[in-house]
Amino acid sequence: MKKGMKTATLAVIFAGSAAWCACSSAAASAVDEALARTLGTFTPAAPAEPQKPKAEQTEEQKQVSETQPKEVREQKQRPESVREERREQKPVSDAAASRDAARPDTDKMAQEVPKGQGEAARQSPDFAAIQRGIASYQRHDLDAAYSEFSKAIAINGENPTAFVNRGIVLRDMKRYEDSQKDFRMAQSLDDKNALIEFEMGLTALAQNDSDAALTHMDRAVALQPNDLGAQMYRASLLYRLGRLDDAVAGYTRVLEKADDALKLRAYIERGLAKEQKQDLAAAADDYTAALTLEKENVPALSRRGACLERLGKHEEAIADFTRLLEVVPAEQSSLIYFNRAGSHRALGQLDEAVVDYTRALEHASDVLPIYVERAISYRLMDRNEEALLDIERALAIEPKSADLLNLRAIEKIKLNDVHGALADLDAAIALDAKNAAFLGNRAGVLENMGEKAKAIDDYTAALRLEPGNAKFYYRRGYLYRLSGKAAESESDYKAATAIEPDLPAYQ
């Protein structure tokens, strides 16, 4: 019975640890860090000629109107240093990380006047307003940037650059509908500019409208089919939409022609898509390919280690996690120690596992699964007092966790505190009355306390929830036998052995 209780609890706890791993900063930043290396690769085709300027425009204004889209396009290719720095300081969820990582460099919206434009263009009132708007945006003064771009539009309502830049500001202000209106206006002035479709796609993504975002990305690719950056962003979006086969195909097309910088990102993201498809060996191969391009790439090492661990290749996984620890700052090492500890435990290296769980806690003292997994390791070493202390620490973080109360009850049983175990199981069942394992565990405690009738009731309730559990039939049948109910005992024994034929006869 105790073995069955432990197995049920381990299943619950392992599920919890997997959830923690999925949302940790190291895992969440895998896409971000890869994308950050190749931000700004989107290079739209040259824009079509803008609409004919109004008659009252000066020649200088005409020049600026015709040349501004190119300035925006060229500036988009600069690295996103400011946004990347903010992501490193504050990890975000997978979805948010992906959105931020996919953005082009909007902190620097335009370059200097293109060579050959001369002082006339620099002195143009709408160009000057755009430059002031860019400077304000770079200072993160969105209100001032919005005001300057609006002035530029008032001066020259046919300059798509001003509308694009104001649309970017509006998106950062979370005024998404107004942002899209500006992009649509820019599009009406320059309907062959792939960058505008791209910006509309990013805004749709910020609005959580993934279908519209994909439509815009498709149009951007159609306008410039040979641009690998656009194809990369489209593949990334397909991945986020869960269209994994299409995403893998998109990444593969990029890999056929990309340079090494873009290949690094494509291998990592294709590996992530293959992981989601549960093709772990192929995912590991993609991470290995990424590592041939950059041998200490953190996302590639981290994800390959995780794949190797799930494939049962624990020694190789430990090697990857150890390499990671050599390159990752100590304050970001908790998940790595946590994962390496899991592989150590799978190999029966319990002392090493405990050491790694302890190191993981040095920079993540409020992360519940680390305490739980170290407690399980202590239990496997018969260090039950230490296991109980770790479960107490976990309960201090989440006091209303039925799973943790059940786990603490099991430790108390091992320490012969049956009354304490019963109290914990009562509390667990009060929180989750539909859990057959909890009822079965309480039945076992009541059985050990001599409360046969109450134990029979709990086994019966557990069987209603889990009618295929041989252990419940077997233990209830034994209690029926002790209670003098031979027919009921024989019926339960037959039911138990029909499920598990090797169960011994009652003595």
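Of the candidates 362, 373, the single residue that is buried (at least 24 other Cβ atoms within 10 Å of the Cβ) and under 26 Å from the mean Cα position of the chain (by Cα) is 373. Here is the figure for the stretch 135-150: residues that are surrounded by fewer than 23 Cβ atoms within 10 Å (Cβ to Cβ) and touching a residue at least 24 places away in the same chain (Cβ under 8 Å) total 3. Mind checking which pairs have a first residue in the stretch 365-385 that is at positive phi and a second that is part of a helix (DSSP H, G or I) and not hydrophobic (A, V, I, L, M, F, W, C), Cβ under 9 Å, 6 or more apart or different chains? Here the result reads 382/414, each pair linking the stretch 365-385 to a residue that is part of a helix (DSSP H, G or I) and not hydrophobic (A, V, I, L, M, F, W, C).
State whether the residues of the stretch 333-342 include one that is closer than 27 Å to residue 413 by Cα and crowded, with 20+ Cβ neighbours inside 10 Å. Checked against the condition, which is being closer than 27 Å to residue 413 by Cα and crowded, with 20+ Cβ neighbours inside 10 Å, the stretch 333-342 yields at least one hit.
Scanning the stretch 140-150 turns up no residue that is within 30 Å of residue 253 (Cα to Cα), assigned to a helix (DSSP H, G or I) and not hydrophobic (A, V, I, L, M, F, W, C).
Condition first: farther than 19 Å from residue 216 by Cα, among the small types (Gly, Ala, Ser) and buried (at least 24 other Cβ atoms within 10 Å of the Cβ). Can you find one or more residues in the stretch 174-187 that meet it? No: the stretch 174-187 contains no residue that is farther than 19 Å from residue 216 by Cα, among the small types (Gly, Ala, Ser) and buried (at least 24 other Cβ atoms within 10 Å of the Cβ).
Among the conditions (1) out of contact with any Gly (no Cβ under 7 Å at 6 or more places or on another chain); (2) in a helix (DSSP H, G or I), the only one that residue 165 does not satisfy is (1). Of all residues in the stretch 423-451, exactly one satisfies the criterion of being among the basic types (Lys, Arg) and either surrounded by fewer than 16 Cβ atoms within 10 Å (Cβ to Cβ) or touching a Phe, Trp or Tyr at 6+ places or on another chain (Cβ under 6 Å) (or both), namely 434. May I ask you to verify whether residue 454 is surrounded by fewer than 18 Cβ atoms within 10 Å (Cβ to Cβ), assigned to a helix (DSSP H, G or I), touching a Leu at 6+ places or on another chain (Cβ under 8 Å) and at pLDDT 95 or above? The answer is yes for residue 454.
The values are calculated or read from the model by the stated rules, or taken from the named source; none is laboratory data. Quick caveat, the model's predicted, so the values are computed rather than measured. Using ideal geometry, Cβ is built from the backbone for each residue, glycine included, and neighbour counts are taken over all protein chains shown.
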